[in-house]
Amino acid sequence: MITLLDADQREIRDVARRFLGDSYPPERVLEIMESDAGFEQGAWDELIGLGWAGVGLSEDLGGAGYGDVERGLLLEEMGRVCAPVPFLSTAVLARDLLTAAGGTPEAQELLGRVAVGEVRAAAVVAGDLHAGPSVAGGVRAANGSDGPALAGPGGVTLEAGSAEVLVVVAALVDGGVGVFEVDPDGPGVTRTPHPMIDATRRFAAVTFDGAPARRLDIGTDVEGAVRRGLDRATVGLAAEMIGGAQRCVDLTTEYALQRHQFGVPIGSFQAIKHRLADLLVGVDAARELVLQGAELATAGAAEDTIATAAAAAKAAVSDVYETVTGEAIQLHGAIGFTWEHAAHLYFKRARVSAALLGRARDHRAILGWAQHP
Amino acid sequence: MTEPRATDTSGVGAQSAGGADVGEVARHEDAAVLGPPLPQAPVDDPFRLELRRWLAEHRPTTPEPLDLDERFAFGRDWQRTLFEGSWAGPAWPKRFGGRDATALQQYIYYEELALARAPEPVNTPGIILLGPTLMVHGSEELQERFLPGILSGDEIWCQAFSEPEAGSDLASLRTRARLEDEEWVVDGQKVWTTWAMQSDWCFVLCRTDPEAQRHRGLTLLIMHMDQPGVTARPIVQMSGDAEFGEVFFDSARTPESFAVGAPGEGWRASMTMFGFERADQGFTDHARLLVRLTDLARTLREHDAQGRLDDAKRAEHTQQFADLWIRCQQLRRMNLRMAVHLDRGNEIGFAGSAVNLFWGELEKAVAELAASVQGVEGLTHGTKSSHRLLASRAASIYSGTSEIQRNIIAERVLGLPR
C-alpha cells in the first residue's frame with residue numbers, strides 16, 4: 001500500500017529487512033528462544049556494529065543521527081522477524097528515559113555508551129511491564145552515608161537479566177521522583193527471571209534492598225521528563241509491534257495462496273479473502289499512527305501532542321496485533337497451532353507487547369471525551 | 001539533556017506568511033478538533049487561510065434543515081454562494097471556474113468546510129464526477145454547454161448507472177440506446193439515482209452494441225430529465241427521505257453529440273469517472289466525523305455535569321469515544337496520504353478501496369455511538385441523531401459495498417485468486 005516514507009527511509013527499511021531476514025529465520029528464532037541467554041551475542045554485536053543503537057539520537061548527544069521514524073523502521077523490521085534481541089530495552093526504553101530525564105554529566109556519559117551499544121541498559125520504571133500509573137512503581141530512594149540507595153520492588157522488568165546497567169526511576173523522600181543508575185551485579189539488587197509466554201524477550205523481577213545508586217537527573221520536572229521518555233518509547237514499541245502484525249498478514253496470505261483444498265487455493269474462498277482484507281487495512285491504518293507518533297516526536301511537537309499520539313498508536317496497534325495473530329493461527333488451521341510454526345511466536349509477542357507500557361484500554365482512557373477539546 | 005524542541009505551530013496567535021494574524025482567522029475552537037498538526041497540510045497554509053477567512057464571512061448561519069426538500073434548497077443556495085466566491089469546485093481548472101486546486105488543497109477544502117459546519121455543494125455528481133469526466137472525454141461543445149451550470153448549481157445532475165439487476169455487477173447493465181435520426185433513443189431503467197427527482201440532467205451508462213458483452217459496447221450519454229420519455233420516481237429510504245429514485249427511460253431521446261467519449265467507449269469514460277470518485281472518496285469525511293465527535297464530547301460533558309453518567313457509563317463511553325477518535329485519526333492520515341500521492345502523480349493503487357471500506361464502517365459506528373449517547377432523543381423520530389443513525393447505513397453500501405471493497409483489496413492488493 002502507499003506510504004508517506006521517502007526514498008531514503010524505504011532504503012533503510014529494505015536494508016534492515018534483508019539483514020534481519022538473514023540473521024533471524026524462524027528456526028533460528030526458535031533455537032535462540034530456547035537457549036539460556038535468550039539472545040545471541042554474535043548477532044547482537046553485528047547489530048550494534050551497524051550503529052542501530054544510536055539511530056534516532058542526535059550526533060551531539062552521542063547518537064547516530066536520524067529520527068524516530070528511522071528508528072521506528074528498524075524496530076518494525078525487528079518486530080517482523082520477532083528478533084530475539086534486547087534492543088527495545090536498551091536502545092529504546094532505557095535510552096529514551098536517559099535522553100528525556102538524564103541531566104548530569106554521568107547521565108550524558110552513560111547515554112553515549114548506550115547509544116553505541118557499549119553497554120546494555122534496562123529501565124526499571126512504572127512497575128510490572130512498565131505499565132503502572134506511577135512512574136516510580138514501588139521503588140524508593142533514601143539518602144545513605146555513601147550516597148543514594150534504592151529499596152523496594154521494581155516489578156517485572158524488560159531484559160533486566162541481560163542488562164549491564166539499570167536506569168531506575170524511584171520516589172524521593174521529599175516527594176517527586178529521581179532517575180538513578182544502578183549496577184545490577186552490585187549489592188542490594190536481586191534479579192529473578194520471570195519467564196513470560198513470549199520467550200523472544202526476557203523479563204526479570206527486580207528488587208532493591210539498599211542498592212547504591214548514582215543520581216542521573218538534575219531535579220527539574222523529572223516526572224514529566226520520565227513520562228515524555230515513556231511516550232517516545234511507546235511509539236518505538238508500537239513500531240516494533242506493527243512489523244510483526246504485517247508479517248502475520250503476509251504469512252497468512254502466502255499460506256492462503258499455496259494451501260489447496262477442494263481443488264483450489266483456500267485463498268479463493270471469499271471468507272478468507274474478506275478476513276485478510278480487513279486485517280491488511282487494520283494493520284495499514286495502525287501503522288499510520290505509528291508513523292505519525294514518530295514524526296511528531298522528531299519534529300519536537302508539544303508534550304501533550306506526543307502523549308496523545310503515543311497513546312493512540314499503542315492502542316490501535318495493540319488491538320490490531322492481537323487480532324491479526326489470532327486470525328493468523330485460525331486461518332492456518334491445525335499447523336498454526338503447532339510449536340514448529342512461527343504463528344505462536346507472534347501471538348505471544350502480541351499479547352505481552354500489548355501489556356507492555358500500558359494496555360490499549362488504559363491508553364484509550366486518556367483519549368476520551370473528557371480530555372477532548 | 002532534553003533535545004531542543006521546535007515550536008509547535010498549531011498555536012493561535014502565530015503570524016501567517018501573508019501577514020494576517022492567524023489567530024484572528026482561526027478562532028474556530030474546533031480547529032483543535034482535527035488532531036495533531038500535520039506538516040503536509042499545515043494550519044497556516046495560505047489556501048486554507050483564504051478559505052477560512054471567506055467561510056467565516058459567508059458560511060450558513062442557520063443549521064442544515066432535516067426535511068429533504070428544505071435541505072436540498074438550502075444546499076443549492078449554499079452552492080450558489082460558494083460559486084460566487086469561486087469555491088464551488090476548487091479542483092476544476094481555472095478556465096472552467098475552478099482554482100486548479102491540488103489534491104492536498106482539496107483535502108484542506110473539505111476540512112475547512114467541515115470545521116465551518118457548512119454542507120458540501122449539492123451538485124456533487126456533476127462537480128466531482130461528470131464535470132471532470134467531460135473535461136477529459138467530452139467535446140468542447142459539451143464542455144461549454146454544461147460545465148458552467150454544474151458549478152453554479154443552475155442545473156442539477158444525477159448519475160444514472162446502477163440498475164435493479166446491475167448493482168455491484170455494473171457491467172451486466174441492460175439499459176439500451178440506439179441511434180435514430182441523429183438522436184440516441186434510450187430504453188431501460190436505472191435505480192438508486194441520487195437527486196433523480198430534483199435533477200435537470202443525467203449521465204446514463206447505456207448498452208449501445210447489443211451484441212457486445214459486459215463492459216464492451218457501452219456508451220455514456222447526457223440526457224435531459226425533463227422530457228416525456230424520462231420518468232423519475234422517488235424511493236423512500238429507511239431514514240424517511242427519498243434522496244434517490246428510479247428512472248425509467250421509455251424511448252427517451254438525446255442528441256447524437258451528447259455522447260461523452262466515443263460511442264462504444266462508455267466503460268472507458270466510466271473508469272475515468274470512477275477514478276475521480278476514488279480520488280475524492282473520504283477526503284470529505286474525516287473532518288466531518290471529527291466535528292461530530294467534538295459535539296459528542298460536549299454532550300457527554302454536559303451529561304456528566306448533570307449527573308446523568310454513572311461510573312460504568314462514563315468508562316464505557318470513554319472507551320467507545322477514544323476508539324472512534326483513533327479511527328478518525330487513521331482516516332485523516334489515509335486521506336492525507338492519498339492526496340500527497342495524487343499530487344506527486346503516483347499510482348494510488350487500491351488505496352481508495354481501503355479508505356472507502358474503513359470510512360464506511362466508521363461512519364456507521366460514529367452514528368451509533370452518537371445516537372446511543374443521546375438516549376431517548378437518539379431514537380426519537382425527527383432528531384438529527386436518529387436521522388444520522390438511519391442514514392449512515394448507506395455508507396458501507398453506496399459507491400461500492402464493503403464486500404466489494406474487501407474483494408478488491410484481497411484480489412488486487414494481496415493477490416488472492418479471483
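The values are calculated or read from the model by the stated rules, or taken from the named source; none is laboratory data. Here the structure is a predicted model, which is why all the values come from computation and not from measurement. With ideal geometry, Cβ positions are generated from the backbone for all residues, glycine too; neighbour counts draw on all protein chains shown.
List of remarks:
- Filtering region A:32-48 to residues that are over 10 Å from A:Ala83 (Cα atoms) and either in a loop (DSSP other than H, G, I, E, B) or in contact with an Asp or Glu (Cβ under 6 Å, 6 or more places away or on another chain) (or both) leaves A:Glu34, A:Ser35, A:Asp36, A:Ala37, A:Gly38, A:Glu40.
- Residues that are surrounded by fewer than 16 Cβ atoms within 10 Å (Cβ to Cβ) and within 14 Å of chain B (Cβ to nearest Cβ), drawn from region A:13-64: A:Glu59, A:Asp60
- Failed condition for A:Gln261, given (1) without any contact (Cβ under 8 Å) to a residue 40 or more places away in the chain; (2) away from every other protein chain (no Cβ under 11 Å); (3) within 30 Å of A:Pro148 (Cα to Cα): (3)
- Restricting region B:371-407 to residues that are hydrophobic (A, V, I, L, M, F, W, C) and within 21 Å of the chain's Cα centre (by Cα), the residue that is farthest from B:Asp295 (Cα to Cα) is B:Ile404.
- Per the conditions (1) more than 21 Å from A:Val114 (Cβ to Cβ); (2) of a type in the set (D, E, K, R); (3) under 19 Å from the mean Cα position of the chain (by Cα); (4) within 14 Å of chain B (Cβ to nearest Cβ), the sole criterion not satisfied by A:Arg10 is (3).
- You will find that of A:Ala313, A:Ala370, the residue that is within 17 Å of A:Thr234 (Cβ to Cβ), within 11 Å of chain B (Cβ to nearest Cβ) and not hydroxyl-bearing (Ser, Thr, Tyr) is A:Ala313 and no other.
- Qualifying residue in region A:170-186 (condition: buried (at least 22 other Cβ atoms within 10 Å of the Cβ), of a type outside the set (Val, Ile, Thr) and touching a Gly at 6+ places or on another chain (Cβ under 7 Å)): yes
Each row is one residue, and each column tells you yes or no for (1) part of a helix (DSSP H, G or I); (2) within 8 Å of chain B (Cβ to nearest Cβ); (3) modelled with pLDDT of 95 or more; (4) surrounded by fewer than 23 Cβ atoms within 10 Å (Cβ to Cβ).
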| residue | (1), (2), (3), (4) |
| --- | --- |
| A:Ala271 | yes, no, yes, yes |
| A:Val281 | yes, yes, yes, no |
| A:Ala286 | yes, yes, yes, no |
| A:Glu295 | yes, yes, yes, yes |
| A:Gly300 | no, yes, no, yes |
| A:Thr308 | yes, yes, yes, no |
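- Across region B:360-390, the number of residues qualifying as more than 17 Å from B:Arg288 (Cα to Cα), within 14 Å of chain A (Cβ to nearest Cβ) and at pLDDT 95 or above comes to 2.
- Elements of type strands (runs of 3 or more DSSP E) contained in region B:123-231, each with 2 or more residues being small (Gly, Ala, Ser) and closer than 28 Å to B:Ala103 by Cα: none
- Residue list for region B:281-293, filter: in contact with a Gly (Cβ under 9 Å, 6 or more places away or on another chain) and surrounded by fewer than 24 Cβ atoms within 10 Å (Cβ to Cβ): B:Gln281
- Complete set of residues in region A:95-126 that are within 14 Å of chain B (Cβ to nearest Cβ), surrounded by fewer than 22 Cβ atoms within 10 Å (Cβ to Cβ) and not in a loop (DSSP other than H, G, I, E, B): A:Pro105, A:Glu106, A:Gln108, A:Glu109, A:Gly112
- Filtered residue count, region B:317-334, keeping only those that are of a type outside the set (Val, Ile, Thr), closer than 19 Å to B:Val291 by Cβ and within 7 Å of chain A (Cβ to nearest Cβ): 9
Residue by residue, here is whether (1) touching a strand residue (DSSP E or B) at 6+ places or on another chain (Cβ under 9 Å); (2) within 30 Å of B:Arg145 (Cα to Cα); (3) surrounded by fewer than 22 Cβ atoms within 10 Å (Cβ to Cβ); (4) touching a residue at least 40 places away in the same chain (Cβ under 8 Å) holds:
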| site | (1), (2), (3), (4) |
| --- | --- |
| B:Ala242 | yes, yes, yes, yes |
| B:Val247 | yes, yes, no, yes |
| B:Arg253 | yes, yes, yes, yes |
| B:Glu256 | yes, yes, yes, yes |
| B:Ala259 | yes, yes, no, yes |
| B:Thr299 | no, no, yes, yes |
| B:Asp304 | no, no, yes, no |
| B:Thr318 | no, no, yes, no |
| B:Ile326 | no, no, no, no |
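- Residue within region A:237-254 that is more than 9 Å from every other protein chain (Cβ to nearest Cβ), among the charged types (D, E, K, R) and in contact with a Gly (Cβ under 7 Å, 6 or more places away or on another chain) present: yes
- When B:Leu357 is tested against the conditions (1) crowded, with 22+ Cβ neighbours inside 10 Å; (2) without any contact (Cβ under 8 Å) to a residue 40 or more places away in the chain; (3) within 9 Å of another protein chain (Cβ to nearest Cβ); (4) not aromatic (Phe, Trp, Tyr), the lone failure is (2).
- Test for A:Thr220: is it among the hydroxyl-bearing types (Ser, Thr, Tyr) and crowded, with 24+ Cβ neighbours inside 10 Å: no
- Residue match in region B:56-74 (condition: closer than 19 Å to B:Ile156 by Cα, part of a helix (DSSP H, G or I), at pLDDT 95 or above and in contact with a helix residue (DSSP H, G or I) (Cβ under 8 Å, 6 or more places away or on another chain)): no
- Put simply, of B:Arg337, B:Arg393 the only residue that is assigned to a helix (DSSP H, G or I) and either within 10 Å of chain A (Cβ to nearest Cβ) or of a type in the set (Asp, Glu) (or both) is B:Arg337.
- Of all residues in region A:127-146, exactly one satisfies the criterion of being outside any loop (DSSP other than H, G, I, E, B) and among the acidic types (Asp, Glu), namely A:Asp128.
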